[in-house]
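Reviewing the structure listed below.
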Amino acid sequence: MENVLALRGDLPADGRPNNDFPFASDLVTAIKRESDLNILGACYPDVHPEADNCVVDVQHLKEKVDAGVSQLITQLFFENGHYYNFLERCELAGIKVPIQAGIMSVINERQIAKMATMGGVGLPPKFLKMMHHYQDNKIAMRDAGIAYAVDQIVDLLSEGVDGIHLYTMDNPVVTQRICSAIKTLI
């Protein structure tokens, strides 16, 4: 079976060029109609930036799953409690597909601030303190970011997470160091 990750994608600053798939659920429906692909979708533990609130967000996510998504991958998050609360909301809504946790290691403050703003991702005080402390030392920032990500992953694995998706931004050093740190846990 072949897999596809169906994402609506970020809207261009000047608006949507055409209105073929206003929502990811529309794209999933079209893919299901034309193929037997295994469809993965995205979700937001910190609530989709375009959603009115977490209840509406999970309702739309349920529509996407009902349209044919068989597995979900979260947007990056930096507070595992948000992920666990999100899982509870999904369970209450009847969403029963595996939900992989999206983890990203911080390698520079500007990059993460931009991604957090675009994706509506909350930055917890512990994380902000770390970024501020190491902002002038690239190597220390990278190492602290890897340690923070590994700490998140250890907690998630101990709680029985459905999987981990690493957002490493094509950085092989980060990928290798995280994988090396958790290899005995999986």
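Could you tell me whether any residue of the range 30-42 is β-branched (Val, Ile, Thr) and farther than 19 Å from residue 120 by Cβ?
So the first thing to find is which residues in the range 30-42 are β-branched (Val, Ile, Thr), and the list is 31, 39.
Subsequent filtering for residues that are farther than 19 Å from residue 120 by Cβ retains 31, 39.
Looking for residues that are β-branched (Val, Ile, Thr) and farther than 19 Å from residue 120 by Cβ, one finds at least one in the range 30-42, hence yes.
Can we say residue 25 is surrounded by fewer than 17 Cβ atoms within 10 Å (Cβ to Cβ), touching a residue at least 12 places away in the same chain (Cβ under 8 Å), out of contact with any Phe, Trp or Tyr (no Cβ under 7 Å at 6 or more places or on another chain) and small (Gly, Ala, Ser)? Explain how you work it out, then say what you get.
Working: surrounded by fewer than 17 Cβ atoms within 10 Å (Cβ to Cβ): no; touching a residue at least 12 places away in the same chain (Cβ under 8 Å): yes; out of contact with any Phe, Trp or Tyr (no Cβ under 7 Å at 6 or more places or on another chain): yes; small (Gly, Ala, Ser): yes.
No, not satisfied.
For residues that are part of a helix (DSSP H, G or I) and either of a type in the set (Gly, Ala, Ser) or in contact with an Asp or Glu (Cβ under 7 Å, 6 or more places away or on another chain) (or both), scanning just the range 98-117, find the one that is nearest to residue 38 (Cα to Cα).
The initial filter retains those residues of the range 98-117 that are part of a helix (DSSP H, G or I), namely 109-117.
Imposing the further condition that a residue be either of a type in the set (Gly, Ala, Ser) or in contact with an Asp or Glu (Cβ under 7 Å, 6 or more places away or on another chain) (or both) reduces the set to 113, 116.
Working: 113: 33, 116: 29 Å.
Looking at the filtered set, the residue picked out is 116.
Given the criterion at pLDDT 90 or above, among the hydrophobic types (A, V, I, L, M, F, W, C) and closer than 21 Å to residue 47 by Cβ, identify the matching residue among 161, 154, 174, 121.
Details: 154 fails: closer than 21 Å to residue 47 by Cβ; 174 fails: closer than 21 Å to residue 47 by Cβ; 121 fails: at pLDDT 90 or above.
Just a single option satisfies the conditions, and that option is 161.
Which pairs have Cβ atoms under 6 Å, sit 6 or more apart or on different chains, and link a residue in the range 99-119 that is under 23 Å from residue 176 (Cα atoms) to one that is in a loop (DSSP other than H, G, I, E, B) and among the acidic types (Asp, Glu)?
Listed by first residue and then by second, the contacts come to 100/162.
Give the residues of the range 138-186 that are touching a strand residue (DSSP E or B) at 6+ places or on another chain (Cβ under 7 Å) and either at positive phi or without any contact (Cβ under 8 Å) to a residue 40 or more places away in the chain (or both), sorted by residue number. Explain how you work it out, then say what you get.
First, pick out the residues of the range 138-186 that are touching a strand residue (DSSP E or B) at 6+ places or on another chain (Cβ under 7 Å): 149, 152-153, 156, 161-167, 175, 178.
Within the range 138-186, 163, 175 meet the criteria.
Which members of the range 114-146 meet the condition of being hydrophobic (A, V, I, L, M, F, W, C) and exposed (fewer than 15 other Cβ atoms within 10 Å of the Cβ)? I'd like the intermediate steps shown before the answer.
Restricting attention to the range 114-146, the residues satisfying the condition of being hydrophobic (A, V, I, L, M, F, W, C) are 115-116, 118, 121, 123, 127-128, 130-131, 139-141, 144, 146.
Listed by number, the residues that qualify are 118, 128, 139, 140.
Scanning for something closer than 27 Å to residue 153 by Cα, at pLDDT 90 or above, of a type in the set (Asp, Glu) and part of a loop (DSSP other than H, G, I, E, B), does the range 75-86 turn up at least one residue? First the steps, then the outcome.
From the range 75-86, those closer than 27 Å to residue 153 by Cα are 75-86; that's our starting set.
Those still in the list that are at pLDDT 90 or above too: 75-86.
Among the residues that remain, those that are also of a type in the set (Asp, Glu) are: 79.
With part of a loop (DSSP other than H, G, I, E, B) added as a condition, the list becomes 79.
Yes, there is a match, as at least one residue in the range 75-86 is closer than 27 Å to residue 153 by Cα, at pLDDT 90 or above, of a type in the set (Asp, Glu) and part of a loop (DSSP other than H, G, I, E, B).
Restrict the check to the range 171-181 and report whether at least one residue is over 26 Å from residue 110 (Cα atoms) and within 19 Å of the chain's Cα centre (by Cα). If you could, list the steps in order and put the result at the bottom.
Quick first cut of the range 171-181, residues over 26 Å from residue 110 (Cα atoms) only: 180.
Now drop any that are not within 19 Å of the chain's Cα centre (by Cα), which leaves none.
The answer is no; no qualifying residue exists.
The values are calculated or read from the model by the stated rules, or taken from the named source; none is laboratory data. This one's a predicted model, so the numbers in the text were calculated from it and none came from an experiment. Reconstructed Cβ throughout: ideal geometry from the backbone, glycine too, with neighbour counts over all protein chains shown.
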